[in-house]
1. Give me the one-decimal nm value for the distance between modelled label points at Glu250 and Arg144, 7 Å along each residue's Cα-to-Cβ direction.
2. Please rank His216, His179, fewest neighbouring Cβ atoms within 10 Å first, as an exposure proxy.
3. What do you get when you divide the Cα radius of gyration of segment 88-158 by 2.2 N^0.38 Å, with N the number of residues?
4. Based on the Cβ-Cβ distance from Val260 to Ala73, what FRET efficiency comes out when R0 is 30 Å, to the nearest 0.05?
5. With a point put 7 Å past each Cα toward its Cβ, work out how far Leu128 is from Gln105 in nm, to one decimal.
6. If I model a spin label at Ser170 and Phe220 as a point 7 Å from the Cα along the Cα→Cβ vector, what separation in nanometres do I get?
7. How would Phe212, Phe139 line up from fewest to most surrounding beta-carbon atoms within 10 angstrom?
8. Using the number of other C-beta atoms within 10 angstrom as an exposure proxy, rank Ser129, Ser168 with the fewest first.
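Derivation of every value follows stated rules applied to the coordinates shown; laboratory data play no part. Note that this is a predicted model, so its numbers are computed, not measured. Cβ atoms come from the backbone with ideal geometry, glycine included; neighbour counts cover every protein chain shown.
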Amino acid sequence: MPYRPHMKWLGWLLLPMAGVAYLLAQNSHIPESMIPSEEPIPAAETASLAVDAPAGPARAKAAAERVKKLFAADLAAKNLHWGDPVYLRAFKEEGQLELFVKDRQTKRFVLFRTYPIARQSGRLGPKLSEGDGQVPEGFYAAGRGGMKSDSVFHLAINIGYPNEYDRSHSRTGSFIMIHGNHVSIGCLAMTDEKVEEIYSLCDAALQKGQPFFRVHIFPFRMSKERMERAIGETNYTFWQNLLEGYQLFEEHGLPAETRVENQRYRFTPAVVSNTP
């Protein structure tokens, strides 16, 4: 067959389409919210209270002012306070992100809001490499450097992937965020209005002295029944390791202290104290 240069260029053009087709085929059994999407969002879904301010500190400030007023009564009703320590926990299968605030009296975290995740991509299981479209699973943390008020996705929080565990398994990837703009490949995307709420509470906690806040991402709510259904799956051993940290929070209301030994997460129950 004679060499045809145009066929080579056609092949390169088809590669991105093949990648998307592969992801869709792999994800046919998971919720629609986990399928990558860049389609226009219906007007009814975009209507929100999100601020219209220039990207950067001005947007973060305007969002905080809106959210602080919005949440004043709800925080008071639960005896919680603006700027107190926070903790984030997400479940990929259920498409939910939970925001906890620490109670000053009990010193434990109280569930304040549960948010629907607008978009996520990939399938159940950890992120392994740059460009695989996977949302990570594991124990992450964000500090001041992870707060991105200048993000093109309205506001964003870098969760800190890859962490020590990921690096010990030679996993690669970068810029994994919780952000707005409703579109994502590998991140947890929220609507702009909801990411303002999450970002503002987290930013207020950091400004008031919480050195970092934890972001724990699980494949699903790790009940006994759901874990039994996962027996035999490729990632079952990994999920058993995640289950240890999940259960400690369920029991104590505090995220466990996490470290990595021999390529496994190791946990120490958190001690109740006055510090984050």
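1. 3.7 nm
2. Details: His216 23, His179 26.
Least crowded to most crowded, the residues run His216, His179.
3. Here the answer is 1.28, to two decimals.
4. Working: r = 42 Å, r/R0 = 1.39.
After rounding to 0.05, the efficiency reads 0.10.
5. 5.0 nm
6. With each label placed 7 Å out from Cα toward Cβ, I get 3.1 nm.
7. On the way: Phe212 18, Phe139 24.
Least crowded to most crowded, the residues run Phe212, Phe139.
8. Values: Ser129 11, Ser168 14.
The most exposed by this proxy come first: Ser129, Ser168.
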